[in-house]
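*Asks:* Input: one structure, supplied below.
The values are calculated or read from the model by the stated rules, or taken from the named source; none is laboratory data. Everything numeric here is computed off the predicted structure, so don't read it as measured data. Cβ placement follows ideal geometry from the backbone for every residue including glycine, while neighbour counts extend to all protein chains displayed.
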Amino acid sequence: MNLSSKQPGSSLGKHLRGIYLVSLIFLVATLLAIQVIREYRAINQSILTSGQLIINTLRASVVDPVVKTLSYDRLDTILGNVYKKNKSIQCIRVYEVPDHLASAVGTPVSGKDNSQEIMEMLLQTDKDKLVQQKEGKYIFWSLLKIDNEIIGLFRMAISPEQYKKRLYRSVLLFLGFALLLATISSWLFTEYLKRRIIEPLSATSEIMGHFQHTNLDQYLTAIDTIRDKLPNNEIGNIATSYRNVVLMVQQRRRELERIVTAIEQTSESIVTTDSKGNIQFVNPAFEVHSGYSAAEVQGQNPRILKSDQQEDSFFRELWATISSGKKWNGTFINKKKDGTLILEESSISPIISQDGQITNYVAVNRDITKEANLEQQLNQAQRLESIGRLAGGVAHDFNNILTVINGHTQLALLKMKPEDPLREDVQVIQDAGAKAARLVQQLLAFSRKQITRQEILHLGDEIQATKKMLDRLLGEDINIILLLDNNIWPVMADRAQFEQILINLAVNSRDAMPDGGKLTIEAFNLNLSKQNNMYHQQIAIGDYVMLRVSDTGEGMSPEIQKLMFEPFFTTKDVGKGTGLGMSTVYGIVKQNNGWIDVASEPGKGTTLSLYFPRCFEKSAPPLQSSEATQNLDQLDQGIATILLVEDDKEVRKLFIRLLSNLGYTVLEAIDGEDALRVSSQFHDTIHLLLTDVVMPKMHGSEVAKILKQKRPEMKVLFMSGYTEDTITRHGVLKDGINFLQKPVAPETMATAIHDILSGNNPRA
Ligand SMILES: Nc1ncnc2c1ncn2[C@@H]1O[C@H](COP(=O)(O)OP(=O)(O)OP(=O)(O)O)[C@@H](O)[C@H]1O
Ligand SMILES: [Mg+2]
């Protein structure tokens with residue numbers, strides 16, 4: 001910015017210069033007047049003095065003291081000489097007596113000759129001189145005396161013209177000098193004014209007049225540049241004060257910017273309304289929360305977000321609170337522009353002016369939909385977890401009971417003749433026992449206590465393989481569509497369990513589509529990253545294989561969806577559903593570290609999405625099933641000694657009978673400690689340790705470990721009702737372990753023992 005580039009101060013400059021000039025003129029005029037008066041007085045004095053002098057000289061020379069008369073002979077000459085010499089003398093007259101002129105030179109002064117009057121006046125006043133002013137002329141009267149004897153009267157008129165010319169010259173000279181002085185001083189004054197006042201003021205007002213609100217830093221630098229050039233006076237102070245004001249504006253603006261940034265960046269939606277509740281401002285988070293743009297809601301009432309989920313009384317209470325000047329906190333179930341519901345934790349405060357009036361309201365809302373969903377998910381998972389523990393415990397005891405019932409039933413049947421009249425009744429008991437055992441298995445599956453045989457599965461192949469069975473199961477009215485991606489990643493799962501999942505899901509869909517419909521089974525790879533895993537905080541990010549089963553059935557209400565995984569929850573008629581299908585699916589998927597999503601709406605069908613973690617292992621060792629494949633009769637009788645450790649008395653009794661029937665020598669122990677004692681007292685070979693896993697005092701695995709040290713050649717076979725981490729790793733059998741799932745059917749046990757003792761079992 002150039003100090004002299006602008007003119008805002010020029011009017012002030014003109015003004016100041018005007019004042020200066022008027023003052024100057026006034027000064028000059030005053031000085032001039034004083035000068036004129038002084039000159040005038042000086043002229044007056046000078047005329048009187050020189051007139052007196054001339055008269056005195058003449059008085060002496062025009063009188064002849066000897067004869068005591070006028071010097072008549074020289075009179076004219078003397079007067080002529082004086083007159084010639086002195087240009088200001090207009091005329092000189094000498095009277096012998098009044099009215100009798102003796103000599104005269106020059107132009108007489110007009111008017112009557114009043115020498116008689118003057119003479120008398122002089123005599124009366126006893127004076128001999130008198131000066132009169134007449135028509136601007138000075139008239140000197142003087143008595144001519146010798147020894148007090150009046151011999152004549154002298155009169156001389158002096159015109160001040162010569163003197164006035166001198167006065168004019170002096171005035172002109174003064175004026176010329178004053179003009180020169182005024183010009184120089186006014187130039188100096190103007191320069192001073194320009195440099196010290198006008199230009200600094202112009203520069204200051206120029207910078208003030210161009211407030212650069214967009215870039216205050218740059219503006220402050222410009223002010224500094226100008227201020228540095230300003231004098232250190234009031235003008236400099238103005239600039240400094242102005243700079244401080246701008247600095248303050250800058251600080252306030254920064255504070256404001258911080259607040260605005262916070263408002264714009266916060267994830268909480270902020271809405272301000274006027275006192276009637278009409279929206280004035282919304283922040284970007286509001287647009288995200290509600291789906292409405294700021295322009296769309298401007299001037300609208302926030303009730304556009306109202307869903308029909310909350311009573312009118314709720315809103316009445318809210319309005320009553322805030323309109324009475326109090327803060328309101330609560331939770332809204334709002335409706336977004338697209339119709340979806342959003343749960344918002346809200347705090348609304350009235351803004352009250354100094355005179356106590358409510359001018360605005362400001363609402364700060366936090367979207368808690370996700371938290372609420374996650375909390376619901378977590379609650380459901382926790383509830384299922386505790387139900388699972390309960391079910392697992394019940395199933396364990398049940399297994400032992402069923403082992404006894406089923407075992408004895410099977411033993412009885414073996415001993416019965418085909419024509420035995422009781423055979424049919426016992427058969428019914430056996431079937432019911434088998435059904436109960438399946439139920440227990442389902443409960444175990446739900447409580448993730450089912451022992452699995454994990455292997456690498458390709459879900460696409462598995463689905464293809466079950467398609468036929470599903471077709472049969474669902475009937476002709478339901479159209480099964482398979483959408484299976486190529487190259488689906490392998491997963492590690494139990495084949496039978498996976499089949500169980502497919503069947504349970506398909507049967508549920510069938511039941512939901514009594515008039516037929518479409519069942520779509522999809523399988524594809526899915527990578528859950530941090531971004532797309534927002535809603536699955538229960539499962540880790542990573543690669544999954546997704547099994548998605550969708551139907552066009554009746555769908556489920558949110559309430560049913562909440563309960564559907566709970567064991568024994570069913571909406572089906574008595575006898576039609578046990579309510580264990582989905583809980584089994586849930587347990588299996590969770591046991592495989594997977595997850596289930598449900599999407600369903602009444603009347604619109606259901607989609608269940610099951611996530612199975614991708615398996616990175618190349619291959620798993622082929623596992624041999626310990627399923628009974630042979631009949632008990634066909635098994636050769638064992639000649640071996642078996643140490644049976646079982647805490648349940650009835651089960652123990654059953655197994656002793658069974659093993660004795662098979663020809664084995666059975667050593668019996670009621671728990672781990674007892675087993676160690678029996679072993680120490682028995683000095684022959686013990687071929688096999690057949691032990692329960694979960695027992696009081698000592699675990700089956702511990703018994704086996706201790707005995708194995710003493711009897712390294714002894715084989716071990718575990719039996720258990722559910723998974724135990726002493727022999728399994730998270731429900732999967734550890735390698736090299738022989739295991740029988742309770743309830744153990746006699747045939748199964750006979751086959752397993754035979755296999756182990758004859759070295760057929762690769763795991764033995
Ligand atoms: N695809 C589906 N469509 C509609 N409702 C379903 C669907 N799947 C499950 N449900 C609901 O969930 C409930 C529980 O299902 P679940 O499979 O656990 O038990 P169930 O089918 O009733 O009995 P079960 O499977 O033991 O014979 C069902 O009764 C039904 O109300
Ligand atoms: Mg079912």
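*Asks:* Being exposed (fewer than 14 other Cβ atoms within 10 Å of the Cβ) and either within 18 Å of Leu658 (Cα to Cα) or not hydrophobic (A, V, I, L, M, F, W, C) (or both) is the filter here; which residues of region 400-422 pass it? Spell out the reasoning first.
*Replies:* Our first condition is that a residue be exposed (fewer than 14 other Cβ atoms within 10 Å of the Cβ); within region 400-422, this holds for 415, 417-422.
Once the filter is applied, which keeps residues that are exposed (fewer than 14 other Cβ atoms within 10 Å of the Cβ) and either within 18 Å of Leu658 (Cα to Cα) or not hydrophobic (A, V, I, L, M, F, W, C) (or both), region 400-422 yields Lys415, Lys417, Pro418, Glu419, Asp420, Pro421.
*Asks:* Assigned to a helix (DSSP H, G or I) and of a type outside the set (D, E, K, R) - does that describe any residue in region 59-71?
*Replies:* Within region 59-71, the subset assigned to a helix (DSSP H, G or I) is 59-61.
This time we only want the ones that are of a type outside the set (D, E, K, R), so: 60-61.
So far as region 59-71 goes, yes, one or more of its residues are assigned to a helix (DSSP H, G or I) and of a type outside the set (D, E, K, R).
*Asks:* Looking at Gly581, Gly587, Gly555, Gly577, can you tell me which residue is at positive phi and assigned by TED's automatic domain parsing to the domain that holds Lys604?
*Replies:* It is Gly555.
*Asks:* Of the numbered conditions (1) within 13 Å of ligand 2 (Cβ to nearest atom); (2) buried (at least 16 other Cβ atoms within 10 Å of the Cβ), Gly517 satisfies every one except a single condition; which is it?
*Replies:* (1)
*Asks:* If you check Phe569 against the conditions, is it modelled with pLDDT of 90 or more, within 14 Å of ligand 2 (Cβ to nearest atom), in contact with a Leu (Cβ under 6 Å, 6 or more places away or on another chain) and over 24 Å from Thr520 (Cα atoms)?
*Replies:* Details: modelled with pLDDT of 90 or more: yes; within 14 Å of ligand 2 (Cβ to nearest atom): yes; in contact with a Leu (Cβ under 6 Å, 6 or more places away or on another chain): yes; over 24 Å from Thr520 (Cα atoms): yes.
Yes; evaluated as a whole, the condition is true for this residue.
*Asks:* Determine, yes or no, whether Leu444 is more than 16 Å from ligand 1 (Cβ to nearest atom), part of a helix (DSSP H, G or I) and hydrophobic (A, V, I, L, M, F, W, C).
*Replies:* Values: more than 16 Å from ligand 1 (Cβ to nearest atom): no; part of a helix (DSSP H, G or I): yes; hydrophobic (A, V, I, L, M, F, W, C): yes.
Against the criterion (more than 16 Å from ligand 1 (Cβ to nearest atom), part of a helix (DSSP H, G or I) and hydrophobic (A, V, I, L, M, F, W, C)), Leu444 does not qualify.
*Asks:* Sticking with this one: Pick from Ile333, Ile368, Ile342, Ile351: which is within 18 Å of Asn278 (Cβ to Cβ) and either at pLDDT 95 or above or in contact with a strand residue (DSSP E or B) (Cβ under 9 Å, 6 or more places away or on another chain) (or both)? Explain how you work it out, then say what you get.
*Replies:* Values: Ile333 fails: within 18 Å of Asn278 (Cβ to Cβ); Ile368 fails: within 18 Å of Asn278 (Cβ to Cβ); Ile342 fails: within 18 Å of Asn278 (Cβ to Cβ).
Being within 18 Å of Asn278 (Cβ to Cβ) and either at pLDDT 95 or above or in contact with a strand residue (DSSP E or B) (Cβ under 9 Å, 6 or more places away or on another chain) (or both) holds for just one of Ile333, Ile368, Ile342, Ile351, which is Ile351.
*Asks:* Can you pull out the residues in region 553-575 that are more than 7 Å from ligand 1 (Cβ to nearest atom) and over 43 Å from the mean Cα position of the chain (by Cα)?
*Replies:* Residues satisfying the conditions are Pro567, Phe568, Asp573, Val574, Gly575.
*Asks:* For region 572-596, which positions are of a type in the set (Ser, Thr, Tyr) and within 9 Å of ligand 2 (Cβ to nearest atom)? Break it down into steps so the answer makes sense when it comes.
*Replies:* Pass one, region 572-596, residues of a type in the set (Ser, Thr, Tyr): 578, 583-584, 586.
Thr578, Thr584, listed by residue number.
*Asks:* Quick check on Val507: is it within 16 Å of ligand 2 (Cβ to nearest atom), closer than 23 Å to Ser447 by Cα and either under 40 Å from the mean Cα position of the chain (by Cα) or in contact (Cβ under 8 Å) with a residue 24 or more places away in the chain (or both)? Write out each step before concluding.
*Replies:* Details: within 16 Å of ligand 2 (Cβ to nearest atom): yes; closer than 23 Å to Ser447 by Cα: yes; either under 40 Å from the mean Cα position of the chain (by Cα) or in contact (Cβ under 8 Å) with a residue 24 or more places away in the chain (or both): yes.
So Val507 fits the description; yes.
*Asks:* Can you confirm whether region 422-431 contains a residue that is away from ligand 1 (no atom under 16 Å from the Cβ) and not in a helix (DSSP H, G or I)?
*Replies:* Start the filter on region 422-431 by keeping residues that are away from ligand 1 (no atom under 16 Å from the Cβ), which leaves 422-431.
The next check asks that each one be not in a helix (DSSP H, G or I); those that pass are 422.
Yes; the residues of region 422-431 include at least one that is away from ligand 1 (no atom under 16 Å from the Cβ) and not in a helix (DSSP H, G or I).
*Asks:* Moving on. Could you figure out which of (1) farther than 21 Å from Leu75 by Cβ; (2) at pLDDT below 85 isn't true of Asp147?
*Replies:* Asp147 satisfies every listed condition except (1).
*Asks:* Name every residue in region 407-456 that is of a type in the set (A, V, I, L, M) and without any contact (Cβ under 8 Å) to a residue 60 or more places away in the chain, in order of residue number. Let's see the steps before the verdict.
*Replies:* Pass one, region 407-456, residues of a type in the set (A, V, I, L, M): 411-414, 416, 422, 426, 428-429, 432, 434, 436-437, 439-440, 443-445, 451, 456.
The answer is Ala412, Leu413, Met416, Leu422, Val426, Val428, Ile429, Ala432, Ala434, Ala436.
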